[in-house]
Amino acid sequence: MDRSWMDFYDEEMTGEVDLPDFTLYEMLLRTATVFPKKNAVTFEGTHITFSELLFEVDSFADALTDCNVGTGTVVTVCLPNIPQAVVSIYAINKLGAIANMVHPKTPATELKNSMQQTGSECLLILDALLPKSREMLDEMNPGLVIVCEIGDYLSKPKALAFHFAKGRKIPKYPKDSFYISYSDLILHGDLLRSGKITGEYDWPGAFEEEKEKAPKAPYVRPISPDAPAVYLHSGGTTGSPKIIMISSKNMNHLAVCGPQIIRVQDPFSDPENFPDLTMVAILPLFHGFGICMCMHCMIVNAINMLLVPIFKPDELAKIIRKEKPQLIAAVPTLYEGMMKSEKLRKMKLDFLIACFSGGDTLPMDLKKRFEEFLHERGSNISLREGYGLTETVTVCSVNPEKNCRDGSVGLPLPKIDMKVVRPGTNEEIPYGEKGEICIAGPTVMLGYLNDPEATDLAIHTHEDGRRWIHSGDMGHRDEDGYFYFDQRIKRIIKVSGVPVFPTQIEKTLSKVEEVEVSCAVAIPHPYRLHVVKAYIVLKDRTASEEKKEMVRQKLEEICESDLIPYARPVEYEFREDLPKTKIGKIDYRALEQEAQPPKEESVTNA
């Protein structure tokens, strides 16, 4: 295997990593033991140390145990970037359960499908987003719905201010055997751990009097680090939605590469002198990039995560001004938005030591403009692009700081191998030729849930006996080992870095009875890079403009009901027919080539 890329690593990247045989929870336990007083999570001015985070995780795990959550239980986490999401992921792992990560704005029908496909009978959801799913949940009766509130981890003044500004407008929900508030549940766990339960907390599964006084059992590992720990959702290597099984070991490997990527020392080599660092955790935790690089990598390496639940440039500017984070990982559109913030334009940014871009192709113009933006404000660093798949817990390669090459997605990380093969084969092709990018290493997923055929299509055992992911992406490598992404083989659209699936959009559009056929394509957008446009052919080719307008309204309604905001078309164009390929399929590439940017901004900051 030609690993000439190692010659171009920054000096901090040795190519070797120490991978402890730990679960996600045990990695947190290790960090909290060595760095108890360091900040682990910052949210809206609230600072949570590693020892405090561990206590919250242990308390929540105890409470979940009281709700019959245990080894193999699937818990759906439908939350934005708030402390409850972090606490729940590690508590779920401590119990040997599996966290099914879904977009917090997932429509009710899609949320139901996700829970049914994964066998999830427990859900964590934000109170503000609960009303849209109440009817579905009441009918589905999953067993337990844990309702989180933004104010759970705010200071009293901020919680009060939030309540009067927004909180009081959020509909109330019944606190009963079905709906339980996160705050009540974690208080129950706190009391269990402290031995102060008095029997006053009457909710399902509460301990009997004799159990209240029983000593706590020591921690016993319930699952192997190789067992499924997290379910992530992706288009797979073929562009149709799939559920990806990720183990603790998958995530741990990427996390322990963190210091070499960031270019800092291993925190455990000299704990007393490890600096206080903060990462802006704005990438969503339901996304592989967010959950691993912005959360778990920070936990593993004693770095504070600055949770940002939604992206608004001026709000982010306030947070950056106050907290002065050293690290940012984001999708290209977020960097574009940052440059538009008047507050950030007026700030010195010399505290930044690393900025990473992933989730979508980084336009060279954006890279150069953002680097100029940084340099003008005192930070002489590169915007470092990387590449990865959800099937490999996202990042496989990243550009080094000192040898960053424009247009490249960088060099493979330690212990991860990449190569380019002739499409449809396992045959590696010469440098410079375009083919399919393949990846092997400790981050390769366990497989697709309940889909062995799709797993076998994605993962091939090559002549070296190793499991190689065939990415579905076309690219090439140069003789130095730098890799380049050229185009997707799979059909997928990235909107602000979030993958959406044309086949899923078209399936939703087909539910409108007047539609004969549809095609969803990506069109360029100045901020989000791409948005979705739908071409529609009606059964009635002679439909009037009035009729088309009525159908368009129906399409908008069903898309709002069934699709996440990123997947909803911003434009609909009615055609009498759609272009076809030589074998008679709709030629979506031809439609993409003729598509123009949307006439006006019609995408919200969802």
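Any read-out appearing in this document is the output of simple, stated calculations on the displayed coordinates, not a laboratory observation. Just so we're clear, the structure is a prediction, and the values are computed from it rather than from any experiment. Because the Cβ atoms are built from the backbone with ideal geometry, glycine has one as well, and the counts that use them run over all protein chains shown.
Ranked from highest to lowest mean number of other Cβ atoms within 10 Å per residue, what is the order of the peptides 416-427, 355-366? Can you show the working numbers first?
Values: 416-427: 17.2, 355-366: 19.9.
The most tightly packed comes first, giving 355-366, 416-427.
Quote to one decimal, in nm, the extra length available between residue 273 and residue 490 on full extension: 0.36 nm per residue of separation minus the C-alpha distance between them. Mind dumping the intermediate values first?
Details: separation 217, 0.36 × 217 = 78.12 nm, distance 4.65 nm.
Fully extending the segment from residue 273 to residue 490 adds 73.5 nm.
So if I place +1 on the C-beta of Lys and Arg and -1 on the C-beta of Asp and Glu, and nothing else carries charge, what would the dipole magnitude of the chain be about its Cα centre? I want it in debye, nearest 20. Don't jump to the answer; show the numbers that get you there.
Values: 70 positive and 88 negative charges, 255 e Å.
Result for the chain is approximately 1220 debye, rounded to the nearest 20.
Taking a temperature of 20 °C and a viscosity of 1.002 mPa s, what whole-number D in µm²/s does Stokes-Einstein yield for segment 493-594 with Rh from Kirkwood over alpha carbon pairs? Don't skip to the answer; put the middle values down first.
Working: Rh = 13.9 Å.
In µm²/s, the coefficient rounds to 154.
List the trypsin sites (Lys or Arg not before Pro) in segment 110-185 that DSSP assigns to loop (not H, G, I, E or B) and whose Cβ has at most 15 other Cβ atoms within 10 Å. Which are they? Please list the in-between numbers first.
Numbers: sites: 112, 132, 134, 158, 166, 168, 169, 172, 175; in loops: 166, 172, 175.
Passing sites in segment 110-185 are 166, 172, 175.
Normalised by the number of residues in the chain, what is the relative contact order in percent for Cα pairs under 8 Å and 6+ residues apart?
Values: 1204 pairs, mean separation 78.7, N = 606.
Normalised by residue count, the contact order of the chain is 13 percent.
Consider just the alpha-carbon atoms of the chain and return their Rg together with their Dmax, both in angstrom.
Radius of gyration, then largest Cα-Cα span, for the chain: 24.3, 77 Å.
Which GluC sites (Glu not before Pro) in segment 353-387 pass both tests, a DSSP loop state and at most 16 other beta-carbon atoms within 10 Å?
On the way: sites: 371, 372, 376, 385; in loops: 376.
Here the GluC sites (Glu not before Pro) that fit, given the DSSP loop and packing criteria, are 376.
Antiparallel as a % of all DSSP beta bridges within the chain, to the nearest 5?
On the way: 51 of 88 bridges.
About 60 percent, rounded to the nearest 5.
Could you tell me which residue out of 157, 501, 396 lies farthest along the dipole of the chain toward its positive end? Charges go on the beta carbon: Lys and Arg +1, Asp and Glu -1, centred on the Cα centre.
Most positive-ward Cα: 157.
State the extension gain, in nm to one decimal, for the chain segment bounded by residue 322 and residue 545, taking 0.36 nm per residue of separation less the distance between their alpha-carbons.
Numbers: separation 223, 0.36 × 223 = 80.28 nm, distance 5.32 nm.
Going from the current span to full extension adds 75.0 nm.
Would you calculate the convex hull of the Cα atoms in segment 219-314 and tell me its volume per residue in Å³? Provide the component values of the computation, followed by the final result.
On the way: hull volume 14.6 nm³, N = 96.
It comes to 152 Å³ per residue, whole-number rounded.
Please compute the modelled spin-label separation between residue 593 and residue 517, points set 7 Å along Cα→Cβ, answer in nm with one decimal.
With each label placed 7 Å out from Cα toward Cβ, I get 1.8 nm.
Which order do peptides 142-155, 478-491, 455-468 fall in by mean Cβ count within 10 Å, highest first? Provide the component values of the computation, followed by the final result.
Details: 142-155: 20.4, 478-491: 17.0, 455-468: 14.8.
Packing order, densest peptide first, comes out as 142-155, 478-491, 455-468.
So which of 105/533; 112/318; 38/346; 94/322; 112/511; 172/507 end up more than 27 Å apart by C-alpha? All intermediate terms of the calculation are to be shown ahead of the outcome.
Working: 105/533 21 Å; 112/318 37 Å; 38/346 30 Å; 94/322 34 Å; 112/511 18 Å; 172/507 34 Å.
From 105/533; 112/318; 38/346; 94/322; 112/511; 172/507, over 27 Å: 112/318; 38/346; 94/322; 172/507.
So, counting K/R as plus one and D/E as minus one, what does the shell of residues with Cβ under 13 Å around residue 351 add up to?
Numbers: positive: 321, 322, 324, 348, 377; negative: 276, 323, 350.
Result for the neighbourhood of residue 351: +2.
Which order, highest average first, do 224-231, 441-448 follow once you tally other Cβ atoms within 10 Å for each residue and take the mean per peptide?
Values: 224-231: 20.4, 441-448: 22.5.
Result, highest mean Cβ count within 10 Å first: 441-448, 224-231.
So, with +1 on the Cβ of K and R and -1 on the Cβ of D and E, and no other charges, what is the size of the charge dipole of segment 220-338 about its Cα centre, to the nearest 20 debye?
Working: 9 positive and 9 negative charges, 54 e Å.
That gives segment 220-338 a dipole magnitude of about 260 debye.
If Lys and Arg each add +1 and Asp and Glu each add -1, what is the summed charge of the other residues whose beta carbon sits under 13 Å from the beta carbon of residue 541? Spell out each step's value before the answer.
Working: positive: 539, 547, 548, 575; negative: 514, 516, 540, 576, 577.
Neighbourhood net charge equals -1.
Using 1/(1 + (r/R0)^6) with R0 = 35 angstrom and r between the beta carbons of residue 19 and residue 310, what's the FRET efficiency to the nearest 0.05?
Details: r = 34 Å, r/R0 = 0.98.
That pair, residue 19 with residue 310, gives E of 0.55.
With the crude spin-label approximation of a point 7 Å out along Cα→Cβ, what separation in nm comes out for residue 557 versus residue 537?
For the pair residue 557/residue 537, the computed spacing is 2.6 nm.
Starting from the exponent 0.38 and prefactor 2.2 Å, build the expected Rg for segment 1-103 from its residue count and divide its actual Cα Rg by it. Before the final figure, lay out each step's value.
Numbers: Rg = 17.2 Å, N = 103, 2.2 N^0.38 = 12.8 Å.
The value comes to 1.35.
Please give the contour-minus-distance gain from residue 351 to residue 226: 0.36 nm per residue of separation, less the Cα-Cα distance, rounded to one decimal in nm.
Values: separation 125, 0.36 × 125 = 45.00 nm, distance 3.78 nm.
Result for the pair: 41.2 nm of gain on full extension.
Exposure proxy check: 51, 133 ranked by fewest other beta carbons within 10 Å? Walk me through the intermediate numbers first.
Details: 51 15, 133 20.
In order of increasing Cβ crowding within 10 Å: 51, 133.
Around residue 422, with a cut-off of 13 angstrom between Cβ atoms, what is the net charge of the other residues, counting Lys and Arg +1 and Asp and Glu -1? Don't jump to the answer; show the numbers that get you there.
Numbers: positive: 419, 434; negative: 427, 428, 433, 436.
Computed value for this residue: -2.
Taking each pair of different alpha-carbon atoms in segment 274-341 once, compute 1/r for the pair, average those values, and report the inverse of that mean as the Kirkwood hydrodynamic radius in Å to one decimal.
Numbers: mean 1/r = 0.0825 Å⁻¹.
It works out to 12.1 Å.
Can you give the FRET efficiency for residue 456 and residue 422, using 1/(1 + (r/R0)^6), R0 = 22 Å, r = Cβ-Cβ distance, to the nearest 0.05?
Numbers: r = 19 Å, r/R0 = 0.87.
Calculated transfer efficiency: 0.70.
For the chain, what is the calculated [θ] at 222 nm in deg cm²/dmol (nearest 500), taking -39500 (n - 2.57) for each run of four or more DSSP H residues and dividing by its residue count? Numbers along the way, then the final one.
Values: 19 runs with 181 residues, N = 606.
Helix contribution divided over all residues of the chain: -8500 deg cm²/dmol.
Gap in Å between the Cα centre of segment 373-443 and the Cα centre of segment 449-498?
12
Any idea what % of Cα-Cα pairs in segment 324-442 are farther than 18 Å? Working shown, then result.
Working: 3917 of 7021 pairs.
Result: 56 percent of Cα pairs exceed 18 Å.
Could you list 6, 13 so that the one with the fewest beta carbons within 10 Å of its beta carbon is first and the one with the most is last? Please list the in-between numbers first.
On the way: 6 13, 13 21.
Going from least to most buried by this count: 6, 13.
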